[in-house]
């Protein structure tokens, strides 16, 4: 589980594009493609620049009709999965 103040940003060793509201990501190290649905693509856009987990959650809460606890859980699951595949970097430091 990522702390709300953890900072997340896309990894350098990937390329991605938007495909009709979804995201396609290629991990350049492994050569593996990944796909994200509309909500995942929104998160991906948000973390193009370093953001705290709590900022990402707040943005999702504004854009989607979702329970706060469910949003936090689903966001953490997604971010942990992206991190495990080397697609994002997570740090404890401030964004600026």
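At a glance:
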quantity: Which listed residue is at positive phi and surrounded by fewer than 11 Cβ atoms within 10 Å (Cβ to Cβ), from 67, 20; calculated: 20
quantity: Count - residues of the stretch 23-38 that are surrounded by 18 or more Cβ atoms within 10 Å (Cβ to Cβ) and either over 18 Å from residue 86 (Cβ atoms) or modelled with pLDDT under 95 (or both); calculated: 0
quantity: Segments classed as strands (runs of 3 or more DSSP E), wholly inside the stretch 1-89, with at least 1 members that are out of contact with any helix residue (DSSP H, G or I) (no Cβ under 6 Å at 6 or more places or on another chain) and free of Cβ contacts under 8 Å to residues at least 24 places away in the same chain; calculated: 14-19, 22-27, 32-36
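The values are calculated or read from the model by the stated rules, or taken from the named source; none is laboratory data. Being a predicted model, the structure only gives us computed values, none of them experimental. Note: ideal-geometry Cβ built from the backbone for every residue, glycine included; neighbour counts use all protein chains shown.
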